[in-house]
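Notes for the one structure printed next.
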Amino acid sequence: MKNLKQIVNGVVHTSLGWVKGSVVYADGKIVEVKNDNEVVEGAEVIDAEGGYVVPGGVELHVHGGGGHDFTEGDEEDYRKAVHAHLIHGTTSIYPTLMSTTAENIRRTAEICTKLMAEEGSPILGLHLEGHYLSPKKAGAQLPDAIKNPDPAEYKPLIEDFPCIKRWDIAPELDGALELGEYLTSKGVLPSIAHTSAVYDDVVKGYEVGYRHVTHFYNAMGGFHNVREYKQEGTVESVYLIDGMTVEVIADGIHVPIPLLELVYKIKGVEGTALCTDGLSCSAGDENMYLDPRFIIENGVCKLADRSALAGSVATMDRLIRTMVNEAGVTLFDAVRMSSETPARIMGVFDRKGSIKAGKDADMCIYDADINLKGVIAYGKKVV
């Protein structure tokens with residue numbers, strides 16, 4: 001085996017629990033998880049110094065990082081944004097576009113396709129957040145770009161670009177159910193987002209393939225009154241459907257700590273993925289973000305008029321710390337929600353999301369205080 005390496009003196013996150021020992025990997029793949037620290041002959045040693053060795057983060061939803069944006073950026077922007085999150089523990093990533101034109105989707109999909117083809121690429125596919133969303137729940141999305149689903153627009157995009165792996169849609173829109181059914185037939189994940197959907201809308205969406213919910217609690221409604229009558233919202237409807245997964249921006253601001261605790265209690269580890277929804281100002285100097293539509297205040301990005309939160313400035317390591325230190329989730333479960341659960345949601349758990357022989361050698365090392373000390377991506381030490 002070439003490039004044989006071994007992480008020793010670690011507390012390794014495995015499907016059976018924590019294992020004190022080591023991880024052997026070579027040629028971008030995990031070879032063995034050992035319950036001892038005996039060094040394999042010829043292996044280059046990386047000392048975890050008693051730290052936690054966990055699977056690398058799988059980022060479902062991120063718009064950019066390090067001052068670089070996926071929606072408007074070029075190939076170099078993609079590389080730099082991906083690297084900015086890589087050094088914070090995200091070893092697999094789905095670049096996410098804001099609502100934009102079909103022409104721009106084509107341009108960015110070409111970039112994504114090229115980068116995905118590179119050996120060991122951390123980019124696993126393209127994620128489209130919009131533009132088939134509810135204008136009433138636009139949030140930080142550009143209102144002028146929002147419209148109802150158009151088969152003449154979306155079908156050629158899906159046919160031409162297999163790199164598109166997920167599309168976020170408001171299921172109550174005219175044509176949204178047909179779109180969800182079409183995407184599901186093509187192996188693309190339709191996800192509920194920026195929506196005013198009530199229970200019937202959510203159920204109908206679930207039946208045609210909407211099995212996931214984008215940045216749960218954000219850009220969607222909960223329980224409310226319609227005149228003198230009570231009406232369930234999207235949030236309660238999602239809780240009622242056991243098979244529906246959610247992602248949460250676990251910075252403690254987009255979703256307050258008590259609600260993070262509630263999501264964990266109801267949806268559990270298997271139903272909850274962590275995501276940053278990071279903008280270009282995430283994973284870097286927050287002051288480098290110059291879009292006048294937004295401001296950064298109190299550790300979060302907002303619309304300049306403070307009418308709504310926008311994407312976050314969070315990173316994967318921060319999400320894990322927040323879940324453990326503030327929401328009271330065990331480190332073991334927080335790691336699963338950052339790796340295993342999103343990998344399962346996106347259908348890549350066969351090679352990502354856990355430390356197991358035969359899977360990609362994507363791992364992070366955290367110290368006892370959950371500070372990130374090392375990142376290995378496809379067998380290459382990044383941090």
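Throughout, read-outs are computed from the coordinates displayed, never taken from laboratory work. These figures come from a predicted structure and were not determined experimentally. In this analysis, Cβ positions are derived from the backbone assuming ideal geometry, glycine residues included, and neighbour counts consider all displayed protein chains.
Observations, loosely collected:
- Approximate spin-label separation residue 204-residue 178, in nm, with each point projected 7 Å along Cα-to-Cβ: 1.3 nm
- Amide proton proximity set for residue 215, modelled H, under 5 Å, gap of 5+: 247
- Computed from backbone phi, the HN-Hα couplings of the range 90-95 come to 9, 9, 9, 8, 10, x Hz, rounded to whole numbers (Karplus: 6.51 cos²θ - 1.76 cosθ + 1.60, θ = phi - 60°; Gly and Pro given as x).
- For the range 64-73, the Karplus equation 6.51 cos²θ - 1.76 cosθ + 1.60, evaluated at θ = phi - 60°, returns couplings of x, x, x, x, 10, 10, 6, 5, 9, x Hz by residue, with Gly and Pro reported as x.
- Computed helical MRE - 222 nm, the chain, DSSP H runs ≥ 4 contributing -39500 (n - 2.57), nearest 500: -8000 deg cm²/dmol
- Cα gyration tensor shape of the range 293-349, rounded if a/c is under 1.5, else prolate or oblate by comparing a/b with b/c: oblate
- Placing unit charges on the Cβ atoms only, positive for Lys and Arg and negative for Asp and Glu, gives the range 57-351 a dipole magnitude near 420 debye about its Cα centre.
- DSSP beta bridges confined to the chain are antiparallel in about 50 percent of cases.
- The residue 240 and residue 369 beta-carbon pair, evaluated with R₀ = 45 Å, returns a calculated FRET efficiency of approximately 0.75.
- Converting phi to 3J(HN,Hα) with the Karplus coefficients 6.51, -1.76 and 1.60 and the offset θ = phi - 60°, the range 262-278 yields 5, 4, 4, 5, 8, 7, x, 5, 5, x, 10, 10, 8, 9, 8, 6, x Hz in sequence order, with x at every glycine or proline.
- If you plug the beta carbon distance of residue 45 and residue 225 into 1/(1 + (r/R0)^6) with R0 = 56 Å, you get a FRET efficiency near 0.30.
- The candidate values were (1) 78, 53, 36; (2) 70, 42, 42; (3) 68, 49, 38; the one computed from these coordinates for Cα extents along the principal axes in Å carries the label (2).
- For the chain, with +1 on Lys and Arg beta carbons and -1 on Asp and Glu, the positive-most of 175, 335, 205 along the dipole: 335
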